[in-house]
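Take a look at the structure below.
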Amino acid sequence: MTETTALRTAPLRARAEIDLAALRANVRTLRALAPGAALMAVVKSDAYGHGAQQCARAAVEAGATWLGTATPEEALVLRAAGLRGMRMMCWLWTPGGPWQEAIEADVDVSVSGMWALKEVTEAARQVGAPARVQLKADTGLGRGGCQPGDDWAELVREALKAEADGLLRITGLWSHFACADEPGHPSIAAQLSRFREMVAYAEERGARPEVRHIANSPATLTLPESHFDLVRTGIATYGISPSPELGSPADFGLRPVMTLSASLALVKHVPGGHGVSYGHRYVTPGETTLGLVPLGYADGIPRHASGAGPVLVAGKWRTVAGRIAMDQFVVDLGGDEPDPGAQAVLFGPGDRGEPTAEDWAQAAGTIAYEIVTRIGTRVPRVYRNAST
Ligand SMILES: *Cc1c(COP(=O)(O)O)cnc(C)c1O
């Protein structure tokens, strides 16, 4: 953090600019799309590579009342950084996890099975205060969550017993979609009706959750009947569409938050027939100029985008020439001679002529989630438009 601040005006090799005004606007847009629900900004994995603390603060300023993380450690770091007063929830627990710390930090914990329920009630006994527990149902994702039927019946029964003993509060009943980014997929309706059944089962036996929730970004954008009491938006908070088939960010009134750029480290003339980068997978078709971009797969630039990733240099789209190396790659500038230090923009919102993270996802055969999340710690984040 201090490093980022100190370097803000220095000539950086590369930087990921994070537009917090865009993030706040995205949160307001998403809240308007789900007016009956509270909004949880999902800030796991360092806010999908954008910086958890800054993004969490900006999201709360724009009306997010919950913050979501995968691991308890991610939530505890945010609390320790002074993010208090909003609800926080984490869902990825392994045996021996920091249950006591989560209870003391007023973090909601997700429980998917009996081992976790036992550990959290024991921790609550130690702390002398009830845990805030959200029971997770597997309504069809086939990943985390409690199976319907006997498993759910046992988990609900034992959680209600622990609640009666003052060891926990059942604050939430929740689940997660498998195919929300494919509107009309039959699993969506199946998961929704299974969710309603599992919620009704728990409520009929006495559960009084503060929130029931299942919607991620694609469901928040396309499926109002899935909003319930709370929507958990990750990728849309950062202005990226969950899938290009659903629409572009602009179609939903969203704006990408991250712009990744680098300063050209070298511009040079080479003859035709010159092999470029490891393996010589690119050979110059004629006399040309090459630009050296000081970013590589160690920075999260996918090596799979070798020969394909787009970069805006001096007003023109160029393509990665040959292989992306650990720290650098080359673009063929076609005879243009920008000065060393000229900006190479890998991706941004897309409305200044630059490619987008979605373009890189297509070039690498992956999803835009992975492109932004993998941008490494060697790339300083430079925050724009912080409101305070
Ligand atoms: C990551 C995650 C989300 C957010 O998903 P997006 O598609 O990025 O909105 C929501 N809920 C859970 C359980 C998650 O793990």
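The values are calculated or read from the model by the stated rules, or taken from the named source; none is laboratory data. These numbers come from a predicted model, not from an experiment. FYI the Cβ positions are ideal-geometry reconstructions off the backbone, even for glycines, and counts take in every protein chain you see.
Before we move on, is Gly142 more than 30 Å from Thr29 (Cβ to Cβ) and within 16 Å of the ligand (Cβ to nearest atom)?
yes
A quick yes/no check of all residues on (1) at pLDDT below 95; (2) surrounded by fewer than 16 Cβ atoms within 10 Å (Cβ to Cβ); (3) farther than 30 Å from Phe329 by Cβ:
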position	(1), (2), (3)
Ala22	no, no, no
Val42	no, no, yes
Leu67	no, no, yes
Gly82	no, yes, yes
Trp99	no, no, yes
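Return yes when Leu230 is within 15 Å of the ligand (Cβ to nearest atom) and modelled with pLDDT of 95 or more and no when it is not.
yes
Go through the stretch 166-200 and count every residue that is touching a residue at least 40 places away in the same chain (Cβ under 8 Å), in a loop (DSSP other than H, G, I, E, B) and more than 16 Å from the ligand (Cβ to nearest atom).
Qualifying residue count, the stretch 166-200: 1.
Scan the stretch 24-37 for residues that are more than 13 Å from Gly253 (Cβ to Cβ) and surrounded by fewer than 19 Cβ atoms within 10 Å (Cβ to Cβ) and jot them down.
Matches in the stretch 24-37: Pro35, Gly36.
Considering only the stretch 30-81, state which residues are within 12 Å of the ligand (Cβ to nearest atom), assigned to a helix (DSSP H, G or I) and more than 25 Å from Gly97 (Cα to Cα).
Residue satisfying the conditions is Leu30 alone.
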